[in-house]
1. Just order B:514-521, B:281-288 by mean Cβ neighbour count inside 10 Å, highest at the front, would you?
2. Calculate the FRET efficiency for B:Q200 and B:E532 from the Cβ-Cβ distance with a Förster distance of 45 Å, rounded to the nearest 0.05.
3. Considering the options B:V145, B:P360, B:L546, tell which one lies farthest towards the positive end of the dipole of the protein assembly as shown, charges being +1 on Lys and Arg and -1 on Asp and Glu at the Cβ, about the Cα centre.
4. Over chain B, how many percent of alpha carbon pairs lie in each 10 Å bin up to the one with the longest distance?
5. Can you give the angle from 0 to 90° between the axis of helix B:527-550 and the longest principal axis of chain B, with both taken from C-alpha atoms, to the nearest 10?
6. What's the FRET efficiency of B:T154 with B:L489 using the Cβ-Cβ distance as r and R₀ = 22 Å, to the nearest 0.05?
7. Measuring from label point to label point, each 7 Å out along Cα→Cβ, what is the A:F60 to B:Q543 span in nm?
8. Points 7 angstrom from Cα along the Cβ direction at B:F506 and A:Y6: gap in nanometres?
Amino acid sequence: MRSEAYARARLASAVLFMLLGTSIAVRTLLVAGLSLATIPGCVLAAAMIALGGFRLRDYFASRAAR
Amino acid sequence: MAGVSTAGPTLRRPEEPSLRRSVTPWGSFSWGYSDVGADIFVGLGLVLGAAAGASNIAFLFAGLVYVCIGLAYTELAAAYPVAGGGQYFVFRGLGDIFGFIAGWAVLLDFTIDIVLFAWSCIDYLSKLIPILSFTAHPWVHFIVVFLVIGGLATLNIIGVRESSAFNELVSGMDVVSETTILFFGFLFAFQPQLLIHTMQTAWPTPFNLMNGVSLAIISFVGLESISQAAQETQRPASVIPRTSISLILTILIFALSYSNLALGMQPWHAIPPDAHGHAQALWHYLGNEDNNGAAVAVLASNVPYFGALAALYVPLLGAILLLISSNSGVFGSSRIAYAMSGTRLLPSIFQRVHPRFRTPVVSIATFCGFAIIELIFAALPSLSPPVHHLYARFFRGEDGITFLGDLYAFGAAASYSFVFIALIALRFNDSQSPRRFKMPFNIPLQYKGNRVEFPIVAVIGFLGIVSILVFTMITHEIGRIAGPSWILLGFIGYLVYRKRKGLPMFRSQKHDWRRAQINILQEAGELEMMDEYLVNVKRMDEQQALLGASQP
């Protein structure tokens, strides 16, 4: 499973998750500002960005190891 | 089942087969995913039905507790890579009695797992084959679920399990499918203003919010699979933390995404009016009795563009994933019972293997039998009008799937509470075991001359899961009675068994944990960790000898 194609698929999903997370955070904050109702959206966005970051770090670590 | 495993190397007899370590990092991820990933298919509709406009808050609270639980399991599974999971950690950290109680609570969860996921599997299939619908044809639904459980029990007795490759394929397809659904949903139909509006206008009562939180935890149950994978993974101490964190984040994202989408998505198709002819919102439609068993499939079919395709395959994919999860309940319960029997927490009959198939036939038959009893209790109100009136009078008319959800939440919250305490105890009592992964935010302390780290996140997680346990007890009439009754009856049985065998009833037997840990690390191929452990043990012995010599 450590093939180049698998690594690239993970890289693509990492970038997508980070973009989607950023988009959710920006759209939610633009509509309701900083309020209690925006917390779930912001946490979801943060989790998406964290997963994307985690996969990016994994990708670069595996590339550096090769 | 290829070979019968026990919870730990100390428990294994020399002639007993051990598990082959052949699980890859992706295999380890997919193993966990096929178990925990199926939960959202069941949990979404139940939580929407209970917590309404605060469903995302319920998932958020339960999700944060789940992150703490996941981190605890990751630390413990990497330090003690054995298949027993929570039961083994509690047994090792807190001794025999608590090891039994935690294991018994896990067994409750596994038996519920068998029924709940088989039930939900048929609910998802009913979206393609309407005759299987629970609300329209309760007897057909009941018989088919019964046959599924019987079939799984038979397959497990004759030793057939789904292959690792099949597990990986289904998990891979589901990750891609769920990611696509949420991308299309968030890009084309998610409206933040609708989400805010729903949260403000459909905010539940505190009672319903507590009910929703207690049901939301069922979307995150199944972390035992991390430990089960640990026993069969090569170099688990380095692989498990990486795959677990990815698994934890993926599951959290799916749960939060679906709940936010359900509350803030403009559906692609018009939602049919309710039974009284009133217009209803998407979240309300997903949480009603017709759809709460298959909410993910209904939500997916309402995602713009992709929904046309999703309506065709999501019910089938969900049903397969749920069937795998139900099977993991059959397999897991027999494995835990077998392991508990090996440590003399349960009678030795649970270790009896079939002479031909070499599988723990008594364990499988017993816990599938419990699952059938739970199925009957869950289905009875729909099958028999007098029982329906009885449930309506005494249990607020809970439906079958909610009844199962209650018990599932109780078992999970009870066993996870003990795991947090065990983690703290093991940090103090077994500081010499190397931990390649530690929960973040620790306070360094000195304990008996050793440096130990007190885990703050474990305390937060413990408070979170105990609050969920309290919510379960407050809000679920059936869970409040059946859950503690299960524990109490099991505990009485445990005391009788220990007395008959002449074993200490309220104390633990003597265990050689040092030898056990060396065996565990050796079998895992973690030889560096084993050397480190031996050095730590030697240093601790020297320190204690010095301390002893300095005292008069």
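Bear in mind that the values in this text are calculations on the coordinates, not laboratory data. Here the structure is a predicted model, which means the values were calculated and not measured. Every residue, glycine among them, receives a Cβ derived from its backbone with ideal geometry; neighbour counts consider all protein chains shown.
1. Most protected by this proxy first, the peptides run B:281-288, B:514-521.
2. Efficiency, rounded to the nearest 0.05: 0.25.
3. Final value for the positive-end residue is B:L546.
4. It works out to 4, 19, 30, 26, 14, 6, 2, 0, 0, in whole percents.
5. It is inclined by approximately 50 degrees.
6. So, using R0 = 22 Å, E works out to roughly 0.20.
7. Distance between label points: 3.7 nm.
8. Distance between label points: 5.3 nm.
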